[in-house]
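Here is the structure we will look at.
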Amino acid sequence: MPSQTATQKNPSFVLQAPNKIVYEDRPIPELPSPYDVIVKPRWTGICGSDVHYWVEGRIGHFVVESPMVLGHESAGIIHAVGDKVKTLKVGDRVAMEPGVPCRRCVRCKDGKYNLCPDMAFAATPPYDGTLARYYPLPEDYCYKLPDNMSMEEGALIEPTAVAVHITRQASIKPGDSVVVFGAGPVGLLCCAVAKAYGAKKIVTVDINDERLAFALKYAANASFKSARVSAEENAKNMIKECDLGAGADVIIDASGAEPCIQTAIHALRMGGTYVQGGMGKPDINFPIMAMCTKELNVKGSFRYGSGDYQTAVDLVASGRISVKELITKKVKFDDAEQAFADVKQGKGIKILIEGPEE
């Protein structure tokens, strides 16, 4: 017997209000322009931001004020193409970059389109996400998957592109020592990309023993478990235990946790680089004196920019990094809400939701 979604034209996984999700039959989207395509998402990963919207109904100043389709980590199959589309055809398998900038503002023209103030990003209010049968995108925000890459791997290109952008912000080079706080999906992928870029020592930091063990098997070659001591003492212990000499060359925070950020600044060498990739509290206590006297390079990192998505595809396609190991479970579209609940409870690393049945 077919599921309910199989009989709908465009079944969609919709957040109506905090903690209230329903399946709706939305209108089938039309091509917004002759340069656009319609994609049928086949696999979608669940991101922490999706869960945050589900539970809280907001992230910072982004507030869910009307029903919104969730999902933005997707790969799919081209269903229809506009008249001016030249590089894609119906049936092509693609990774879907979920944020479309205005292309006209100063930041877009700078080549930093991820900083566009008018970005239309999937599953960020007021824009619908990709957990539906059909989703429209510009041609140039779809990246062909090579034959040796599965659709499931394609769905993991989005968090991989985040890690690519973070490591680019860090300017990681061969021989660097790199510490990554947080062994969740993005932290793990930062370890993997850093390794691909030639980092010599890659330290994973977390408070979860299982995640630390996974990170060591996956891409890190050293680990450190944070203790309930001062940031200075944690940093001193890490430097000693992980043989970081005068301190790490690069530290990436993929946790957003205040103690991690404080420890990171103290664990960097003079002139080292710190990149904030994780989002936490809006305001924290920050060791600004250590930052100044060490003359650290401190950078933020937001989503991904020009070239990051294609680099992510190339890294996975070439085998320089692998993402298969991160997939904990795959579920049917009708079981999406349970998958969200599992992610909220911290089960596994990356859970993928299959597209609606035909």
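Ranked for footprinting exposure by Cβ neighbours inside 10 Å, fewest first, His72, His61, His79 give His61, His79, His72.
Applying the criteria of a DSSP loop state and at most 14 other Cβ atoms within 10 Å to the trypsin sites (Lys or Arg not before Pro) of the stretch 131-222 yields Lys200. Legend: ranking of residues Cys116, Cys105, Cys190 from fewest to most surrounding C-beta atoms inside 10 Å; resulting order Cys105, Cys116, Cys190. Diffusion of the chain by Stokes-Einstein, at 25 °C in a medium of 0.890 mPa s and with Rh set to the Kirkwood radius over alpha-carbon pairs, works out to 117 µm²/s. For helix 231-241, report the angle its Cα long axis makes with the longest principal axis of the Cα atoms of the chain; keep it between 0 and 90° and round to the nearest 10°. Between helix and principal axis, roughly 80 degrees. Note on the stretch 28-106: the C-alpha convex hull projects to 7.1 nm² when averaged across all orientations. Sum up the charges of everything whose Cβ sits under 11 Å from the Cβ of Ala132, counting Lys and Arg as +1 and Asp and Glu as -1, but leave Ala132 out. Taking every other residue near Ala132 into account, the sum is +1. Residue separation of Met289 and Ala213 scaled by 0.36 nm, minus their Cα-Cα distance, works out to 24.0 nm of gained length. To make sure I understand the rule: partners must be aspartates and glutamates, Cα under 20 Å from the Cα of Lys84, and not fewer than 8 residues away in the same chain. Which ones qualify? Candidates past the 8-residue exclusion: Glu30, Asp36, Asp92, Glu97, Glu139, Asp140. Based on every Cα atom in the stretch 162-300, Rg and the maximum pairwise Cα distance Dmax equal 13.1, 36 Å.
What trypsin sites (Lys or Arg not before Pro) in the stretch 293-333 are in a loop by DSSP, with at most 15 other Cβ atoms within 10 Å of the Cβ? When the trypsin sites (Lys or Arg not before Pro) of the stretch 293-333 are filtered for loop state and at most 15 Cβ neighbours within 10 Å, Arg320, Lys332 remain.
Taking Lys and Arg as +1 and Asp and Glu as -1, the other residues whose beta-carbon sits under 15 Å from that of Asn234 total -2.
Each reported figure results from applying straightforward, stated rules to the coordinates on display, with no laboratory input. Computed from a predicted model, the values in this text were never measured in an experiment. Backbone-built Cβ (ideal geometry, glycine too); neighbour counts: all protein chains shown.
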